[in-house]
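Novice: The structure under discussion is supplied below as structure tokens; questions concerning it will follow.
Read-outs throughout are calculated quantities, based only on the coordinates presented, and are distinct from any laboratory measurement. Keep in mind that this is a model prediction, so the values were computed, not measured. Counting neighbours? That spans all protein chains shown, and the Cβs are built from the backbone with ideal geometry, glycine included.
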Amino acid sequence: MITELGHFALILAFMIAIVQTVVPLIGAHKRWPGWMAVAEPAAQAQFLFTAFSFGALTWAFVTSDFSVRLVTLNSHSAKPMLYKISGTWGNHEGSMLLWVLIVSLFGAAASIWGGGLPPTLKARVLSVQASIGVAFFGFILFTSNPFLRLGNPPFDGQDLNPLLQDPGLAFHPPFLYLGYVGLSMAFSFAVAALIEGRVDAAWGRWVRPWTLAAWIFLTIGIALGSWWAYYELGWGGFWFWDPVENASFMPWLLSAALLHSAIVVEKRESLKSWTILLAILAFGFSLIGTFIVRSGLLTSVHAFANDPERGVVILAIMAFFTGGALALFAQRAQAMEAKGVFSMVSRESALVANNLLLAVSCFVVFVGTLWPVVAEMAFDRKLSVGAPFFNAAFPPFMVALGLLLPVGSVLPWKRAKFGKTLWRLRYAAALSLALAGLIWAMQADKSLLGPVGALLGAWIVSGAAMDLWQRAGRSDKLARLMRLPRADWGKSVAHAGMGVTIFAIAGLTAWQTEDIRVANLNEPFDVGPYQMVLTDVEEGRGPNYFTTMGVVEVTRNGRDIATLRPEKRVYPVAQMPTTEAAIDYRFTRDLYVVIGDAQAGGGFTMRTYIKPFANWIWGGCLLMALGGLLSLSDRRFRVAAGAKKPTAQGVPAE
């Protein structure tokens with residue numbers, strides 16, 4: 001009964017979304033207050049019905065209702081409760097229901113907290129947001145219904161993909177979707193502004209918190225996915241340039257560019273057309289990611305489905321929204337007149353350079369991801385574009401961006417003197433060069449990767465600190481620092497997080513140690529400065545799997561360091577093995593051990609890695625997300641821009 005109610009609630013949400021798309025849009029065009037007012041209760045009702053529908057599906061998974069086809073295909077009665085719940089979105093149909101839940105969540109949030117928006121703009125924003133919901137409600141109901149029943153329910157289910165039965169990946173999709181789908185709100189603001197023919201400083205302030213929220217969630221989601229790949233897949237890497245990884249990374253790059261360009265719109269009323277275009281493209285790339293994950297176009301361990309027919313429907317949705325928005329942009333771009341004038345050396349110019357670097361780096365990732373498909377379709381050639389291409393083509397843009405960040409942060413608006421600005425950063429530059437020189441002198445092999453990573457990381461972090469310190473003025477600095485706006489703190493923390501991540505990636509890549517061997521019981525061997533011995537191999541079982549667990553004692557100079565227990569699991573229902581790495585986490589390094597198959601001559605295959613600064617990668621990502629949260633908590637974001645600037649005038653449509 002609950003399943004049927006969930007299905008019925010989904011249909012009601014679909015119908016409400018249709019009303020919310022049509023009625024407020026007409027009301028805004030005709031200036032009918034009553035019709036525009038429909039948007040707010042409709043957005044909230046749409047969310048409530050969708051949330052009930054999602055709750056009904058979750059209940060079916062929690063109670064192991066195997067009369068529901070989706071539960072049978074993706075759950076099992078012996079599965080731990082966390083994975084029963086995460087099984088709700090660990091499949092195509094459930095993940096799409098999560099998709100529309102988040103679309104409706106952002107629409108409801110805008111209806112509640114958008115009190116300072118002009119009524120016409122608010123009605124149009126909620127209408128556009130609802131139209132996205134209409135497309136995906138229809139997609140779910142007509143092609144991907146999660147509530148289908150089975151005539152003859154089985155005794156038990158087929159279990160969830162064992163790779164998804166992990167805490168990191170249980171929380172990874174919701175955060176990633178909050179970022180992916182959250183960019184729909186920036187898209188809705190952009191399209192509503194194009195329809196209205198009005199982009200001004202107030203619009204820039206309204207769109208920034210929604211973009212910032214989506215960027216924060218996307219940062220956390222990507223970090224969780226990277227961390228999961230690091231410890232769960234057993235290959236010891238944190239990023240493989242997999243198509244689905246790239247599909248989440250491209251919107252992140254564009255949303256970061258959008259955040260910075262919206263600042264210029266708000267402060268200087270420049271870059272209006274470019275900011276609108278970024279808002280459209282950021283959500284467009286989110287739709288591309290949705291298409292890649294579900295169409296089977298590109299093979300990935302992260303893919304939810306391999307269904308070209310449903311992929312075509314998603315492609316049509318993507319073409320309609322992205323193509324329609326770009327067509328409207330082409331028609332209205334002339335109306336987006338820039339007001340602010342700035343010189344080549346100014347904060348505006350630095351933000352333009354920032355945007356270009358982020359956009360071009362996104363284009364590089366996009367070309368590398370889709371080029372194999374283009375080559376096969378256009379030239380009948382099977383090509384593989386992997387990590388070597390991305391590792392050669394992508395980092396130069398990040399190096400340039402890293403060098404630019406501290407300079408752009410301290411440049412004045414409108415006009416600046418480059419020499420004076422660099423002089424303000426002299427201590428940060430001296431510290432960075434000294435650290436890079438020290439690392440160059442200390443490392444055994446004279447690779448540039450480590451010193452360059454240290455130079456960039458120290459330059460960005462110390463530059464962010466210098467920016468805060470100089471904003472505090474000349475006297476009573478500590479008190480003034482505490483009184484700085486949270487957005488200033490947030491910017492510096494986020495930039496510092498990026499510096500930490502860049503240094504960690506460079507350090508891990510340059511200095512990691514790898515050892516692959518057949519380890520015999522009780523025969524010690526050395527890996528770097530550590531002595532290791534496989535003392536035992538135990539057979540056991542978990543809630544829904546069998547395990548072969550090694551016991552590895554680690555010492556250094558006779559002192560006990562850790563006892564590691566790497567596992568090799570087999571899930572009998574899914575008939576799939578997985579690797580569970582054992583990791584000794586320390587502040588400056590990880591000791592990473594993976595056990596493999598038993599060998600005919602005795603012993604077990606074992607891989608050991610020493611990974612310096614591995615945790616700093618995700619620590620830097622968390623710092624970036626924390627910086628975003630600090631900025632989002634700034635009072636200037638919580639107070640409606642319309643209330644602050646009631647006389648702001650936009651640019652009328654021609």
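Novice: How large is ³J(HN,Hα) for each residue in the stretch 366-372, as worked out from phi by the Karplus curve 6.51 cos²θ - 1.76 cosθ + 1.60 (θ = phi - 60°), to whole Hz, x for Gly and Pro?
Specialist: Result, rounded to whole Hz: 4, 5, x, 6, 9, 4, x.
Novice: Let me ask something additional. Once phi is turned into ³J(HN,Hα) by the Karplus curve 6.51 cos²θ - 1.76 cosθ + 1.60 with θ = phi - 60°, what whole-Hz value does each residue of the stretch 133-150 show in order, with x for glycine and proline?
Specialist: Result, ordered by residue: x, 4, 4, 7, 4, x, 4, 5, 5, 9, 10, 9, 5, x, 9, 5, 9, 9 Hz.
Novice: Need one word for the stretch 363-455: rounded, prolate or oblate. Basis is the Cα gyration tensor (sqrt eigenvalues a ≥ b ≥ c); a/c below 1.5 gives rounded, then a/b vs b/c decides.
Specialist: Oblate, since a/c reaches 1.5 and b/c is not below a/b.
Novice: Could you size up the charge dipole of the stretch 510-628 around its Cα centre, putting +1 on the beta carbon of Lys and Arg and -1 on that of Asp and Glu, and report it in debye to the nearest 20?
Specialist: 320 debye
Novice: At 7 Å along Cα-to-Cβ for each site, give me the label-to-label distance between Arg149 and Thr563 in nm.
Specialist: The modelled label-to-label distance comes out at 5.3 nm.
Novice: Does the chain come out rounded, prolate or oblate by the C-alpha gyration tensor, with a ≥ b ≥ c the root eigenvalues, rounded set by a/c under 1.5 and, if not, prolate when a/b is larger than b/c and oblate if not? Could the numbers behind the result be given before it?
Specialist: Values: a/c = 2.05, a/b = 1.14, b/c = 1.80.
Since a/c reaches 1.5 but b/c is at least a/b, the shape of the chain is classed as oblate.
Novice: Okay, moving on. If amide hydrogens are placed 1.01 Å from N in the peptide plane, which non-local residues have theirs closer than 5 Å to the one on Phe394?
Specialist: Hits under the 5 Å cutoff: none.
Novice: Continuing with this model, one more query. For a protection proxy built on the mean count of beta-carbon atoms within 10 angstrom, sort 508-517, 245-254 highest first, please.
Specialist: Per-residue Cβ counts within 10 Å, averaged per peptide and sorted highest first, yield 245-254, 508-517.
Novice: Okay, moving on. Tell me what the chain gives for mean residue ellipticity at 222 nm when only DSSP H runs of n ≥ 4 count, each as -39,500 (n - 2.57), the sum divided by the residue total, rounded to 500 deg cm²/dmol.
Specialist: -21000 deg cm²/dmol
Novice: Note the full-extension length gain between Leu448 and Ile516 as 0.36 nm times their separation in residues minus their Cα-Cα distance, in nm to one decimal.
Specialist: On the way: separation 68, 0.36 × 68 = 24.48 nm, distance 2.61 nm.
Between Leu448 and Ile516, full extension yields an extra 21.9 nm.
Novice: Shifting gears a bit: Using a cut-off of 14 Å between beta-carbons, work out the net charge of the residues near Leu148 (Lys and Arg +1, Asp and Glu -1, Leu148 not included).
Specialist: On the way: positive: Arg69, Arg149; negative: Glu4, Asp65, Glu93.
It works out to a net charge of -1.
Novice: While we're looking at this one, here's another question. Let me check I've understood the local charge: for Arg556, count other residues with C-beta under 13 angstrom from its C-beta, Lys and Arg +1, Asp and Glu -1. What total comes out? Display every interim value, and only then the final one.
Specialist: Details: positive: Arg559, Arg586, Arg589; negative: Asp526, Glu553, Asp560, Asp584.
The answer is -1.
Novice: Once phi is turned into θ = phi - 60°, what whole-Hz ³J(HN,Hα) does the Karplus curve with 6.51, -1.76 and 1.60 give for every residue of the stretch 107-123, x standing for Gly and Pro?
Specialist: With coefficients 6.51, -1.76 and 1.60, one gets x, 5, 4, 5, 5, 7, 9, x, x, x, 6, x, x, 5, 5, 4, 4 Hz.
Novice: Taking the Cα centre of the stretch 2-130 as origin and charging only Cβ (+1 Lys, Arg; -1 Asp, Glu), how large is the dipole, in debye to the nearest 20?
Specialist: For the stretch 2-130, the charge dipole is close to 320 debye.
Novice: Once each part is reduced to its C-alpha centroid, what is the distance from the stretch 125-200 to the stretch 39-60 in angstrom?
Specialist: If we compute the Cα centre of each part, the gap is 13 Å.
Novice: Measuring from centroid to centroid over Cα atoms, what is the spacing of the stretch 398-467 and the stretch 566-640 in Å?
Specialist: Using only Cα atoms, the two centres lie 29 Å from each other.
Novice: Also, I was wondering about something else. Measure up Lys30/Lys267; Lys568/Lys611; Lys122/Lys272; Lys414/Lys477; Lys122/Lys267; Lys79/Lys611 against 24 Å on the Cα-Cα distance and list the ones that go over.
Specialist: Values: Lys30/Lys267 32 Å; Lys568/Lys611 21 Å; Lys122/Lys272 19 Å; Lys414/Lys477 27 Å; Lys122/Lys267 22 Å; Lys79/Lys611 33 Å.
Over 24 Å apart, Cα to Cα: Lys30/Lys267; Lys414/Lys477; Lys79/Lys611.
Novice: Along the positive direction of the dipole of the chain (beta-carbon charges: Lys, Arg +1; Asp, Glu -1; about the Cα centre), which of Ser409, Ile561, Ala574 reaches farthest?
Specialist: Of the candidates, Ser409 comes out farthest on the positive side.
Novice: Rounded to the nearest 20 Debye, what is the dipole magnitude of the chain about its Cα centre when Lys and Arg each give +1 and Asp and Glu each give -1 at the C-beta?
Specialist: 3300 debye
Novice: Ranked highest first by the average count of other Cβ atoms within 10 Å around their residues, in what order do 123-132, 539-548 fall?
Specialist: 123-132, 539-548
Novice: May I ask for the net charge around Leu508, where only other residues with Cβ less than 14 Å from the Cβ of Leu508 are counted and Lys, Arg are +1 while Asp, Glu are -1? Please report the intermediate quantities before stating the final value.
Specialist: Working: positive: Arg586, Arg589, Lys611; negative: Glu514, Asp590.
With Lys, Arg at +1 and Asp, Glu at -1, the neighbours total +1.
Novice: If neighbour count is taken as other Cβ atoms inside 10 Å, put Trp423, Trp235, Trp206 in order from fewest to most. All intermediate terms of the calculation are to be shown ahead of the outcome.
Specialist: Values: Trp423 10, Trp235 14, Trp206 26.
Sorted ascending by nearby Cβ count, the order is Trp423, Trp235, Trp206.
Novice: Could I ask something else about it? Can you give me the long-range amide H partners of Val527? Hydrogens built in the peptide plane at 1.01 Å from N, cutoff under 5 Å, separation of 5 or more residues or another chain.
Specialist: Excluding prolines and chain starts, which carry no amide H, the hits are Met532.
Novice: Rounded, prolate or oblate: which fits the stretch 2-385 when a ≥ b ≥ c are the square roots of the eigenvalues of the alpha-carbon gyration tensor, with rounded for a/c under 1.5 and prolate only if a/b beats b/c?
Specialist: oblate
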